Structure formats: structure tokens, C-alpha cells
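Contents: one structure, followed by commentary.
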Amino acid sequence: MAEAPELIVPSLRPYRSRGEISSWERDDSVVAFLEERLRNSRYAAVGEFHLYGDDADLPVPRRLVALAKQHQLVLHAHSDADAVERIFQQYPQARVLWAHSGFERPEAVAALLRKHKNLWADLAFRSEHGAAGQVPPQWRAVFEEFPERFMVGTDTFTPERWFYVNEHANWSRAWLATLPPPLAERIAWKNAEALFSGWKAGGAQ
Ligand SMILES: [Zn+2]
């Protein structure tokens, strides 16, 4: 972020090692880790965190959500629809970025976007919405119904994923080019820019 503050928006992952993806929600030491990081650095979001179903109501995830509220962080949730719903029950004004659009079908994604106006969805590590460079009608319908809520994602959470960025960008340009330019621009970068514009302007934390 020091090298490219205009490009890099930091998100705090609640993990200190790879294996914690499936243990963090029952690990009290994660709370101390998050609190310490948030005391010492400025973040726009927390996540991705992996959370499913009623695990969202466990004490550690509840504390993560409370910290997101306290510091006005976007919650970048790799979750099923049930866990997303429980996050909104705990924190109705939450801003949630649904990682991978929950790996859900477009109709199911649309149902949750209709219910929660502070829900956005990224398209990281998915391909159906741009298979063979075309946007299938069911995805196009959802993109057009929610032009301000989707954003391209690359899932570059490990070094080896960076080899994938160019190929992913070219593939993304191909299917985005089949959409009306204003909508394509929104999904390509404007929606993400808008979601974090407040943070970039020095707001919150
Ligand atoms: Zn993920």
C-alpha cells in the first residue's frame, strides 16, 4: 500500500497461517490478533473470512462483526447465504462483500441482493458468468437488475495466483465487452471504487 496507495485497499484477514481457515471461528486468540492489528494499522475491510451457517453466531465471529461495526469495515465474507443473513441480523447496517457471490446460482444471488441493499458480490474464482467470453442470460439479467453491486475479482490470495492475473484480465475483458459499456465499467472497476471511496478519502477506522 505504501508503494501504490491509489491502487491498494487493505483488508485484514483473520488468519495467521493457512490452516486457520477452518478453525478461526472457535479460536479466541484470533480476536486479540484482530484487535491488535486494528489498533496499529488502518484497514478498509476484514476478510476474506470463511464462515458458514450458524457458525456465524459463535462468539469469535460475533466479535469480528462487532469490530467491523466499531471500525466501519466492509465484511468480505466467503460464506453461504445463511451466514450472510446472520451477519445482517447481528449488524443490520453492515456492508458485506460476498466473496465469489457465495458460489451461488445467479437467481439465489439476486434474491439476497434484493433483500439486503448493503450487500455487494464479487465474481472471484468463478467462470460461469463469462463462459467462452459470453455472459449467460441468467447472469446478464442479474447484472442488469443490480448494476451497482457486482465486481470483478481475481482471488489472488496466494503468490502462485499472481501468474493468473493477465489471463484473467483478458478473459474478463472478453465477457465485459459483451455488456453495455456503462454496466461493464461498473462491474470492471467503478463499483469497487465506489464501495471503498470513503475509506480512500481518509474516512472511518
Ligand atoms: Zn474465497
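Candidates in region 135-173 are the residues that are among the charged types (D, E, K, R) and within 16 Å of the ligand (Cβ to nearest atom); of these, the one that is least open to solvent (accessible area, probe 1.4 Å) is Asp155.
If we scan region 103-111, do we find a residue that is under 14 Å from the mean Cα position of the chain (by Cα), farther than 18 Å from Ile187 by Cβ, among the β-branched types (Val, Ile, Thr) and within 16 Å of the ligand (Cβ to nearest atom)? Scanning region 103-111, I find no residue that is under 14 Å from the mean Cα position of the chain (by Cα), farther than 18 Å from Ile187 by Cβ, among the β-branched types (Val, Ile, Thr) and within 16 Å of the ligand (Cβ to nearest atom), so the answer is no. The single condition from (1) within 11 Å of the chain's Cα centre (by Cα); (2) not in a strand (DSSP E or B) that Val165 fails is (1).
Figure legend. Inter-residue proximity from region 141-158: first residues under 15 Å from Ser127 (Cα atoms) and among the acidic types (Asp, Glu), second residues within 16 Å of the ligand (Cβ to nearest atom) and in a loop (DSSP other than H, G, I, E, B), beta-carbon distance below 6 Å, spacing 6+ or different chains. Indicated pairs: Asp155/Ala124; Asp155/Phe125. The one condition from (1) open to solvent by 10 Å² or more (accessible area, probe 1.4 Å); (2) in contact with a helix residue (DSSP H, G or I) (Cβ under 8 Å, 6 or more places away or on another chain); (3) closer than 16 Å to Gly47 by Cβ that Ala121 does not meet is (1). Just one of (1) of a type in the set (Phe, Trp, Tyr); (2) modelled with pLDDT of 95 or more; (3) closer than 19 Å to Tyr43 by Cα fails for Phe146. It is (3). Beta carbons closer than 6 Å, at least 6 apart along the sequence or on distinct chains, pair a first residue in region 116-129 that is farther than 13 Å from Ser79 by Cα with a second that is more than 12 Å from the ligand (Cβ to nearest atom) and modelled with pLDDT under 90 for Leu123/His129. Only one of the numbered conditions (1) assigned to a helix (DSSP H, G or I); (2) surrounded by 12 or more Cβ atoms within 10 Å (Cβ to Cβ) is not met by Ala132, and that is (2).
For Glu85, the conditions (1) within 16 Å of the ligand (Cβ to nearest atom); (2) farther than 16 Å from Gly47 by Cβ all hold with the exception of (1).
The values are calculated or read from the model by the stated rules, or taken from the named source; none is laboratory data. Just so you know, these numbers come straight off a predicted model, no measurement behind them. Methodologically, a virtual Cβ is constructed for each residue, glycine included, from the backbone with ideal geometry; neighbour enumeration extends over all protein chains shown. Calculation scope for accessible area: heavy atoms of the full protein, side chains included, ligands and nucleic acids excluded. Shrake-Rupley method; radii C 1.70, N 1.55, O 1.52, S 1.80 Å.
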